[in-house]
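Data first, discussion second: the structure below is written as structure tokens.
Here, each number is a calculation from the coordinates, and none is a lab measurement. Since the structure is predicted, the reported quantities are computational estimates derived from the model, not experimental observations. Cβ coordinates were reconstructed from backbone atoms using ideal geometry, including for glycine residues, and neighbour counts include every protein chain displayed.
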Amino acid sequence: MTPREHLPTSIATVCLSGTLPDKLEAAAAAGFEGVEIFENDLLTFDGTPAEVRRMCEELGLAITIFQPFRDFEAMPEPQRARNLDRAERKFDIMLALGTELILVCSNTQPATLDDPARAAADLREMADRAARRGLRVCYEALAWGRHVNRWRQAWDIVQRAGHPALGLCLDSFHTLSLGDDLAGLAEQVPAEKLFFLQLADAPRLSMDVLSWSRHHRLFPGQGELPVAPFLAEVLRAGYAGPLSLEIFNDEFRAAPSRRIARDARRSLTWLRDQMGGGVLPALPRLSGLEFVEFALDHAARAELGAMLSTLGFRRAGTHRSKDVELWRNGGANLVLNAEPDSAAAERFEQLGPAVCAMAIRVDDPARLVARAQALQYPVWRERTGAGERAIPAIRAPDGTLIYLVEDPALGARPIWEDDFHLSPAALEPGHFLGLDHAAQAVAPGMMDSFVLFYRALFGLVPETLWELPDPYGLVRSRAFVAPDGSLRLPLNVSESTRTGTGRFVSSLAGAGVHHLALATGDAAAVVDQAAARQAPLLDIPENYYEDLGARFGVTDAELSALRQRHLLYDRDPQGGVFRHAYTTAFRDGVFLEIAERSGGYAGFGAANAPARMAAQRRGARAVPPEIG
Ligand SMILES: O=C(O)c1ccc(O)c(O)c1
Ligand SMILES: [Mg+2]
């Protein structure tokens, strides 16, 4: 381990919701060692800076910086003199807070002079006054600064000023948002001039950089900016101060501060691990979904069992000590849990029939549990009877349990034999190869927590974001997949409460698995058998097939084979093909998909989602318009 891994962690109070004491408590509870006091949080706090200092001391938090000090440098008189007086007033506050560093961000005022020499002289004067009081100043180039918006310009000014109490503040957002990098930093800037480092990620968006920064920043790992290489460069330059998160995000400001602070702390652990320090146990090797588990009562189980039977599933086993059944077709395992006093029962009481767990096959469950603990994700162990296997699980951000099972393909004994009385049906061949993917509906404001969970803990990679029109609003969908494609988890979110996704989250079943796709090598054959058993398959309108013929030029024979079975079709540019069909929703909640991939097709038929969503709504009850 290098000393760098021990750089203290810090978070700006602006990242979190609540009053200043709420923010400080959340930061401390998540394990942060320091906080940036954002001036606005102090101004709106009904207490003295000395009280803030005491609260921080009691919570074990250092105040790493006081910020921001705006629109200071290169102003004409009389603003120049006034700004220096203003600085002295802030120094008084810093002494009361017990912090020695203030952040000056580059001037955004139209009146500021385009004069690096003047900027340097002003900052030198401020630093000199600060030094007399035992304080220091760091200068940050805002990406939208009037004349100074690149770190190299800020460094030029700091260098010209040549004062030991003046240094640089680097902020990953300001550099990376402009497409800039840190080339030359390690060569040109002495380590002792790197006073402070702020880390922020963001999605790539095409909008003005100020709005992007003020509303859409994310914690490292939640967005698309190369924050890890940025940090690596700063460390290479010899930076030895805190790693501090400064995230302006509308959703985070509105979310519970404890959850956001924990995600923040996780993101720094993940980022440190990205530096190659071995901070976390190695990523798991994933190999798909071993089972998905439903929380049910007896009536719902009988009903779901009947529906599954129409798709060719058989009851293949009963649990040795619990009221739990295994339903299976080929490689697809579904667990139907009606055990009272269990995690499943709790889920059923809250949400009605819903998916309560899924099991992911991994190479080493114990190592992944250790990784979860290092990332502060809650680990769960279900009660077990004599001789039964204890399967470790991790709680996803919505409470769904993610069981970790050893991959039988790597020689592990399948879990089923220890815990279930298996019937002969368990060994019958079937038409499903396994579980292709589990799509989850996520509440707005929770998406970024899920992103970090799947990315930092499991190493899943985010794919393209799709915006899918449901008849009653937009659904945003992004799949998280294992690098080798062995696990696929699309996440869907909708701001509208009237879309299928929105209704699922807000009124029907809560967040969680919203549909489950069963992999087959021959969707047409599966659909034919299912239709013969009166499976509740979703009808797709004729217009869809008209358009399909026009888009892909599929042959008339294929088109009529698809149409007749209400199969949807997609093709990627490499010629990979996806044929899929859906059931209607089970008790207005979860639905199933029959999915056939061929030719290396790796998507999810997103282009077909609008047709599917419209078809689901035709069959569904009318939705009352939103009130208010
Ligand atoms: O948005 C801003 O004004 C602002 C203020 C201080 C910072 O450190 C920053 O990165 C942005
Ligand atoms: Mg900043």
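Please figure out what share of the DSSP beta bridges in the chain is antiparallel and state it in percent, rounded to the nearest 5.
On the way: 62 of 107 bridges.
Of the beta bridges lying entirely in the chain, close to 60 percent run antiparallel.
Measure nothing but the geometry: give the 0 to 90° angle between the long axis through the Cα atoms of 523-532 and the longest principal axis through the Cα atoms of the chain, rounded to 10°.
Once rounded, one gets 50 degrees.
Could you name the aspartates and glutamates whose alpha carbon sits less than 18 Å from that of K23, not counting residues in the same chain fewer than 8 places away?
E33, E36, E39, D41, D46, E51, E57, E58, E246, D250, E251, D263
If I model a spin label at L95 and R132 as a point 7 Å from the Cα along the Cα→Cβ vector, what separation in nanometres do I get?
1.1 nm
How would you rank 367-373, 164-170, highest first, on the average number of other Cβ atoms within 10 Å across their residues? Don't jump to the answer; show the numbers that get you there.
On the way: 367-373: 19.6, 164-170: 22.9.
The densest-packed peptide leads the list: 164-170, 367-373.
By how many degrees, 0 to 90 and rounded to 10, does the Cα axis of helix 556-565 deviate from the longest principal axis of the chain?
Compared with the principal axis, the helix lies near 90 degrees.
What is the packing order of peptides 474-483, 97-106, taking the mean over residues of other C-beta atoms within 10 Å and listing the highest first? Intermediate results must be reported in sequence, preceding the final value.
Details: 474-483: 19.3, 97-106: 22.6.
Put in order of decreasing packing, that is 97-106, 474-483.
Using 7 Å Cα-to-Cβ label points, what is the L427/D208 separation (nm, one decimal)?
7.2 nm
For the Cα atoms of the chain, what angle does the longest principal axis make with the long axis of helix 49-59, in degrees from 0 to 90, nearest 10?
So the inclination is approximately 50 degrees.
Considering the zone a paramagnetic label at L178 would reach in this model (a point 7 Å from Cα along the Cα-to-Cβ line), which residues of the range 125-163 have amide N under 13 Å from it?
Zone members listed by number: 140-157.
Where does each of 36-45, 540-549, 330-339 land if you order them by average Cβ count within 10 Å, highest first? Spell out each step's value before the answer.
Numbers: 36-45: 17.9, 540-549: 15.2, 330-339: 22.0.
So the order, starting with the most tightly packed, is 330-339, 36-45, 540-549.
Where in the range 105-145 is the amide nitrogen less than 16 Å from a point lying 7 Å along the Cα-to-Cβ axis of R82?
108-113
At 222 nm, what helix-only mean residue ellipticity would the chain give, in deg cm²/dmol to the nearest 500, using -39500 (n - 2.57) for each DSSP H run of four or more?
Working: 22 runs with 212 residues, N = 628.
Mean residue ellipticity at 222 nm (helix-derived): -10000 deg cm²/dmol.
With r as the distance between the Cβ atoms of L59 and E467 and R0 = 41 Å, compute the FRET efficiency 1/(1 + (r/R0)^6) and round to 0.05. Spell out each step's value before the answer.
Working: r = 42 Å, r/R0 = 1.02.
That gives a FRET efficiency of 0.45.
If I histogram all Cα-Cα distances within the chain using bins 10 Å wide from 0, what percent of pairs lands in each bin?
Reading upward from the zero bin: 3, 15, 23, 21, 16, 12, 7, 3, 0, 0.
Going 7 Å from the Cα of A531 along its beta-carbon direction, which residues of the range 539-573 have the amide nitrogen within less than 14 Å of the resulting point?
Taking a point 7 Å out along Cα→Cβ of A531, the residues of the range 539-573 whose backbone N falls under 14 Å are 539-542, 558-568.
Could you give the length gained on full extension between Q376 and T19, defined as 0.36 nm per residue of separation minus the Cα-Cα distance, in nm?
Working: separation 357, 0.36 × 357 = 128.52 nm, distance 2.43 nm.
Difference between extended and current length: 126.1 nm.
Sort the range 95-150 into rounded, prolate or oblate with this rule: let a ≥ b ≥ c be the square roots of the eigenvalues of the Cα gyration tensor; rounded if a/c is under 1.5, and if a/c is not under 1.5, prolate when a/b is larger than b/c, oblate otherwise.
On the way: a/c = 2.91, a/b = 1.76, b/c = 1.65.
Taking the square roots of the gyration eigenvalues as a ≥ b ≥ c, the range 95-150 is prolate.
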